[in-house]
1. Suppose all protein chains stay in the model; what accessible area per residue would a 1.4 Å probe give for the range 300-436, in Å²?
2. Counting only protein heavy atoms and using a 1.4 Å probe, what share of the accessible area of the chain belongs to carbon plus sulfur, as a whole percent?
3. Distance between Cα centroids, the range 401-433 to the range 61-95: provide it in whole Å.
4. Can you list which of the trypsin sites (Lys or Arg not before Pro) found in the range 23-84 are DSSP loop residues with at most 15 other C-beta atoms within 10 Å?
5. Search the structure for amide H atoms under 5 Å from the amide H of Gln198, placed 1.01 Å from N in the peptide plane, and list their residues when 5 or more places away or on another chain.
6. Between the range 143-180 and the range 220-273, what's the alpha-carbon centroid distance in Å?
7. How far is helix 463-476 tilted off the main Cα axis of the chain, in degrees rounded to 10, range 0 to 90?
8. According to the square roots a ≥ b ≥ c of the eigenvalues of the Cα gyration tensor, what is the shape class of the range 235-339, taking rounded for a/c under 1.5, prolate for a/b larger than b/c otherwise, and oblate for the remainder?
Amino acid sequence: MRSIIRSFIFLALLLVCSASSWAGDDPLQKSLVKIFTTVQEPNFYEPWRIGSQQYMSGSGCVIVGNRILTNAHVVSNAIFIEVLKEGDSQKYIAKREFVAHDCDLAILKVDDPKFFKGTAPVTFGDLPFKRDKVAVYGFPVGGEELSITEGVVSRIELSTYAHSSRYLMDVQTDAAINPGNSGGPVFKDKKMIGVAFQGYNAVVAQNTGFFVPMPIVKRFLKAIKKGSYHGVPALGIYHQSMENDSLRAYYGLKTDQTGALITEVLYQSSAWNKLQVNDVLLSIDGFKVANDGTISFRKGERIGFQYPLGLHQIGDKMKLKVLRDKKPLTVTVTLKDDVRLVPLVQYDTKPTYFIFDGLVFTPFNSNYPGINKDTPPELKALYFHGLPSKEHKQIILLNHILSNAINRGYDSRFSNTIVTKVNGHNISEMKDLIAAFADPKDGHHEIEIDKARDAGTVMILDAAKSQKATEEILSRYGVPSDRSDDLK
């Protein structure tokens, strides 16, 4: 009996020692880094002020060249960064070297070489397949130690990145990805195959996390080799599927031809003056476009035709084949950045503003006033459906009013209204606004407001009193300048 008990004790000790040895000797842990970020976000309501400090944490990994790879959103608007390598107790100061908000990736550097002692850079793998087993390493909320969760690849597709709202490839997994996991590596067979970056709230969907795949990661690392980063290009078109037989026949597609119908070409985009409305996009970068707007990117797998754009750099040339007036045509475009009437969320930049007689003007963007239930309907419509043009390169808002005798009577109903003209000049962008105020009409400034609001359609200000009034208002409200640095 004692012999049997001794055997069980020996076996238990052996299992405990083996587990402990495996956990401590996992070579992948030598690449893991916890990131501590102090953040100070801009104030888009009073853009001359800065917001309060906030603190957050995320994950990262060491890559070749003594660099740390993480998510852009882990270090966005950062004013101070510290990093802690797995198994260590000392934090080191880190700095941002490159940040790519569009694909949610960033590179950090640590000047102190002692930080990298004992670390090992990750080995890069390739894009996984569905049902491949993966492991997510990181430091999520709920504890201080390294967390490892496992799961399988659920699907691979294009989707909207939460940080940037850009439409790029990502990989979905049922491995748990929680706040704090962001920036941590995802492994398959001990090779990194992606960077964890977002997940669904449990109310929306359970066991649903996403990671940035290696094609996007490798493109980012290739881009920064030249010492700078310029963004993921966009084609700048709207399209419609052509799955209806009558629609395909109307535009002259033969039985062996497929494609997507171009319904809009954005002003000054990659496709501007190259593609036309009612062109049928037959292929992009050598990929044949199907009637549902997808391409075959790997045997047995399809993805949205925008996929090749996420592999290119701004300035690259790309060949497109289209059907125009029922005739095939090859078009070469020079790839440009994303073009929008209302810019997507902006990071690491101070807001643009101009103050005149207490009226605070700002360009409308996704940071302010924000898109929520309280956003005026005309601004929502412009955010989702507005298109840039020569006449409307930006939407200029009367953000709010700093009350003063000169603007008395123009109340809060004028806040968040769209400025269409000043002193008879059309307002297409902020520089038009500033120039227009330098040209008063008969001793007055006349500001015309979009008629979609019930606040009124015109504001009149005394030009002779303007300079003195503006100076008094800036002093009273503690505003250091009548305009942001980018407008000086």
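1. For the range 300-436, the per-residue accessible area is 46 Å².
2. 51 percent
3. Answer, in whole Å: 44.
4. Answer by residue number: Arg49.
5. Phe210
6. A separation of 27 Å, based on Cα centres.
7. Orientation of helix 463-476: about 30 degrees from the principal axis.
8. oblate
The values are calculated or read from the model by the stated rules, or taken from the named source; none is laboratory data. As the structure is a computational prediction, the values presented were derived from the model and not from experiment. For neighbour counting, all protein chains shown are included, and Cβ atoms are generated from backbone atoms with ideal geometry for every residue, glycine included. Each accessible area value is taken on the protein alone, full model and side chains, heavy atoms only, with ligands, DNA and RNA left out. Shrake-Rupley method; radii C 1.70, N 1.55, O 1.52, S 1.80 Å.
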